[in-house]
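The values are calculated or read from the model by the stated rules, or taken from the named source; none is laboratory data. Because the structure is a prediction, the values reported are computed rather than measured. Backbone-built Cβ (ideal geometry, glycine too); neighbour counts: all protein chains shown. Side chains are part of the model used for accessible areas, which takes the heavy atoms of the whole protein and leaves out ligands, DNA and RNA. Shrake-Rupley method; radii C 1.70, N 1.55, O 1.52, S 1.80 Å.
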Amino acid sequence: MRSTLIDIARAAGVSSATVDRVINNRSGVKERTREIVMEAAQRLGYLSAGGVMPETVRKIRLDFVLPAGTNTFIADLLSQLESQASARSDLDVRIHSIEGFNPDTLARTLQDLHGQTMGVGVIALDHPTVREAMRSLCASGVPVVTLVSDILHVPRIGYIGIDNRAAGRLGGYLLGRFLGRGVRRKIALFAGSLSYRGHEEREMGFRHIIADEFPDLEVVELREVRDDRDRAYEEATALFRRHPDLAGIYNIGAGNSGIGRALVEAEMAGNLIFVGHELTEYTRKLLLSGVMDAVIDQNPRVEAREALSMLTRTAQGLPIDYHPPRLQVIFRENIPET
């Protein structure tokens, strides 16, 4: 197997960012350090004796680990990562789609990236095996960023995404204002998985604002649907049978199309307030038809751009210049163009 920049960094006793600067003949490296790195690269067979390297090797290898499934937002994020990376000649980006709710699978995927990459972006479950895999990657010199859902107490270089607690509060505020005060009403929550810190934070934000500002609203159920539209449909159908007087739904994660289908079949669409996340091809249709009342959106194009930028600049030893995505509430009347 061909030696990597990380192998050279270890042999030379410098960071992988310093190796990248030397290999690509960038400034900011002492001459003696440059000589040590070049000697290590030649000794490990990364460069020929003349210091020649194929153009394809000069690219910065980045890896992204995303959950597979029917989550349209994740599919949009994956598409944005691929399209933006393809437009950059300096990057070699590889995307790994895995079963998103299995922490052991995620941890093994991260471990397998040791010595293979110069940066990793991951939508990660908050689980001990995942946290340990992230710590191990970072300890080996690989920078890691969390995407969409953050994980605390791991040495990541940054989080790319919205404030999920604020998003949950916003969802509660919208639902409360739609339903009004002074009348007891039942509402329900749907989540992908509370193993994602982002979903847990949205739930906390939602419950806090409901308790503080809309005490007449009663959360009767929370259903976890693993961001799967078919499972969301089944859970919503059963929920409507148990609570035919349900007045509102806040969907923390994906599966909006399944919930929308169940609403239409139960003839509750338009009579029940439905607030969810992410403007996708499905939620766009649900807004236009009146099945959904509001969508809280985060922009996958911006998140892909910022993730690529943060990891690339770190690999190059440059300071991070982060521009976070903004929360945007979308109604039927202000749906943006695609």
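For trypsin sites (Lys or Arg not before Pro), the sites in the range 249-338 that DSSP calls loop and that have at most 11 other Cβ atoms within 10 Å are 326.
All Cα-Cα separations within the range 248-310 were binned at 5 Å from zero, giving a P(r) of 4, 18, 29, 19, 11, 7, 6, 3, 2, 0, each value a whole percent of the pairs.
Net charge of the neighbourhood of residue 184, taken over other residues with C-beta under 12 Å away and scored Lys/Arg +1, Asp/Glu -1, is 0.
For the range 91-248, the fraction of alpha-carbon pairs lying more than 26 Å apart is 39 percent, rounded to a whole number. Over the chain, accessible surface divided per residue gives 45 Å², non-protein components excluded, 1.4 Å probe. Percent of C-alpha pairs per 10 Å bin in the chain, short distances first: 6, 24, 28, 19, 12, 7, 3, 1, 0. Shown here: the range 135-222, whose C-alpha atoms stretch 57, 19, 16 Å along the first, second and third principal axes, sorted largest to smallest. What longest range of the chain stays clear of loop-exposed GluC sites (Glu not before Pro) (DSSP non-H/G/I/E/B, at most 12 other C-beta within 10 angstrom)? Counting at most 12 other Cβ atoms within 10 Å as exposed, the longest clean stretch of the chain is 1-266.
Using alpha carbons only, the radius of gyration of the range 223-338 set against its Kirkwood radius gives Rg/Rh = 1.12. Over the chain, Cα pairs under 8 Å with separation of 6+ residues give a relative contact order of 16 percent.
Local charge for residue 272 was computed over the other residues whose Cβ lies under 11 Å away, with Lys and Arg +1 and Asp and Glu -1, and equals -1. Pairs of Cα atoms nearer than 8 Å and 6+ residues apart set the relative contact order; for the range 97-248 it is 20 percent.
Of all DSSP bridge pairs formed entirely within the chain, close to 10 percent run antiparallel. Each 10 Å bin from zero up to the one holding the largest Cα-Cα distance in the range 164-278 carries the following percent of pairs: 16, 51, 31, 2. Pop the C-beta distance of residue 90 and residue 183 into the FRET formula with R0 = 56 Å and round what comes out to the nearest 0.05. About 0.45, to the nearest 0.05. Near residue 30, which aspartates and glutamates are there with a Cα under 17 Å away, not counting those fewer than 8 places off in the same chain? Here the aspartates and glutamates satisfying the reach criterion relative to residue 30 are 20, 39. When the charge dipole of the chain is built from unit charges on Cβ atoms (+1 for Lys and Arg, -1 for Asp and Glu) and taken about the Cα centre, the candidate among 259, 79, 47 whose Cα reaches farthest toward its positive end is 47. Quantify, in whole percent, the carbon and sulfur part of the accessible surface of the chain (1.4 Å probe; protein heavy atoms only). So the carbon and sulfur contribution to the accessible surface is 48 percent. Comparing Cα centroids, the range 169-200 and the range 210-247 end up 9 angstrom apart. A compact globular protein would have a Cα radius of gyration near 2.2 N^0.38 Å; the ratio found for the range 12-155 is 1.18.
In terms of Cα atoms, the Rg and Dmax of the range 294-333 work out to 13.7, 45 Å.
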